[in-house]
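No value in this document is a laboratory result; all are computed from the given coordinates. Only a predicted model underlies this, so the values are computations on that prediction, with no experimental measurement involved. Methodologically, a virtual Cβ is constructed for each residue, glycine included, from the backbone with ideal geometry; neighbour enumeration extends over all protein chains shown.
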Ligand code: DON
């Protein structure tokens, strides 16, 4: 690898922090999970962790938030560790071009979701974890603790219960996939684990650290533990690029140019191979379900640093 040119990441983050201020207040906080609607919308934080462990941050980077669909990246990694390529018999690897919570493709595609990052796909991934672990929610929290190096991470019980009480669409999807035989555990068990995974609370610094193994060829830079082999890290990253931001993934690749995974809590993680992990958080969303200020901040980050995949 050639050594990346010197970049003053702190100056870049400070500039982005100033630039996004006019965007705050323009998007909408997710409210279909009632607990998420209580989060103040005009917050913004961003963190970068280079592979030598140096942390750069700005704004609300140490404010914990609900990681929601960002958890799908960690759940997929853990499931891939467990069953490898057998996963692809039950979930595809193509962008869906539909909303993250859409059901439409499932009927014509025999209950096999397009990819592991839309809700239907993540439910299949959770089903794999339910088969593999006696306590799948604890297994994922412990995995993310190891990736981030923060042993105190937890899921937020109130957020999990709030989604459990209102997640009718995910339940419908899970039942539908069970009718095709693609989901095998009891629907209530899968939904329970899924909602707890989504309800994990983390801040931007911990998330930037947790994604860094993908920038480091599958090896946790903080512990030296091999999480996945280099080829699998490449594959997981390719899925982030093509499917990690749902029906906005093409636009994201065009504007930002790095593998990213978003969540409706307003977090987006990404990485630049061999260089760094990054996380941005701002709770107000675009209609696609991706953070509005967060998307803009990542576009500015790759533009100002001159670093991206391309
Ligand atoms: O299942 C849901 O709808 C949420 N728990 C997660 C969705 C989500 O984060 C989509 N991301 N942008």
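Would you calculate, for the chain, the mean residue ellipticity at 222 nm contributed by helices, counting each DSSP H stretch of 4 or more residues as -39,500 (n - 2.57) and dividing by all residues, to the nearest 500?
Numbers: 12 runs with 138 residues, N = 310.
Taken over the chain, the calculation gives -13500 deg cm²/dmol.
So what are the chain's ellipsoid semi-axes, whole angstrom, largest first, if each one is the square root of 5 times an eigenvalue of the alpha-carbon gyration tensor? Present the calculation step by step, with values, prior to reporting the outcome.
On the way: eigenvalues 163, 90, 65 Å².
Values for the chain, descending: 29, 21, 18 Å.
On alpha-carbon atoms, Rg over Rh for segment 170-217 using Kirkwood Rh?
On the way: Rg = 15.5 Å, Rh = 13.0 Å.
With Rg and the Kirkwood Rh in hand, the quotient comes to 1.20.
What list of whole percents do you get for P(r) of segment 1-83, with Cα-Cα distances grouped in 10 Å bins up to the one holding the largest distance?
Spelled out bin by bin, segment 1-83 gives 13, 32, 33, 19, 3 percent.
With springs only between Cα atoms under 10 Å, which of 208, 293, 11 fluctuates most in a Gaussian network model of the chain?
Top of the fluctuation ranking is 11.
As an exercise, use a Förster radius of 35 Å and the Cβ-Cβ distance of residue 62 and residue 223 to find the FRET efficiency, rounded to the nearest 0.05.
Numbers: r = 22 Å, r/R0 = 0.63.
Taking R0 as 35 Å, the efficiency between residue 62 and residue 223 is 0.95.
Of the peptides 186-194, 98-106, how do they stack up when ordered by the mean number of other Cβ atoms within 10 Å, highest first?
On the way: 186-194: 19.6, 98-106: 17.4.
Peptide ranking by packing, descending: 186-194, 98-106.
Of the residues 66, 231, 291, which exhibits the maximal mean-square fluctuation in a Gaussian network model of the chain defined by a 10 Å Cα contact cut-off?
231
Along the Cα-to-Cβ line of residue 184, 7 Å from the Cα, sits a label point; which residues in segment 100-138 have backbone N less than 19 Å from it?
Residues passing the 19 Å test: 110-113, 116, 121-137.
Return one number: the angle in degrees, 0 to 90 and rounded to the nearest 10, between the long axis of the Cα atoms of helix 187-198 and the longest principal axis of the Cα atoms of the chain.
Approximately 10 degrees, to the nearest 10.
At residue 31 and residue 238, where each label point lies 7 Å from the Cα along Cα→Cβ, what is the point-to-point distance in nanometres?
According to this spin-label approximation, the distance is 4.2 nm.
Would you mind checking the tilt of helix 119-132 against the longest principal axis of the Cα atoms of the chain, expressed as 0 to 90 degrees and rounded to 10?
The angle comes out near 70 degrees.
Springs between alpha-carbon pairs under 10 angstrom, Gaussian network model over the chain: which of 267, 27, 181 fluctuates most?
181
Can you pull the Rg over Rh of segment 83-126, Cα-only, Kirkwood?
Here Rg/Rh amounts to 0.93.
Please determine, in degrees from 0 to 90 and to the nearest 10, the orientation of helix 71-83 with respect to the longest principal axis defined by the Cα atoms of the chain, where the helix direction is its Cα long axis.
60
Could you estimate the translational diffusion coefficient of segment 69-198 from the Stokes-Einstein equation, with Rh from the Kirkwood formula over C-alpha pairs, at 20 °C and 1.002 mPa s, in whole µm²/s?
Once the numbers are plugged in, D ends up at 147 µm²/s.
For q values of 0.30 Å⁻¹, compute log₁₀ I(q)/I(0) with the Debye formula on a Cα-only model of segment 144-194, without solvent.
Scattering profile of segment 144-194, log10 relative to I(0): -1.06.
So for each of 69-77, 252-260 I average, over its residues, the number of other beta carbons within 10 Å; can you give me the resulting order with the highest mean first? Walk me through the numbers on the way to the answer.
Values: 69-77: 27.2, 252-260: 21.8.
Ranking, from highest mean packing down: 69-77, 252-260.
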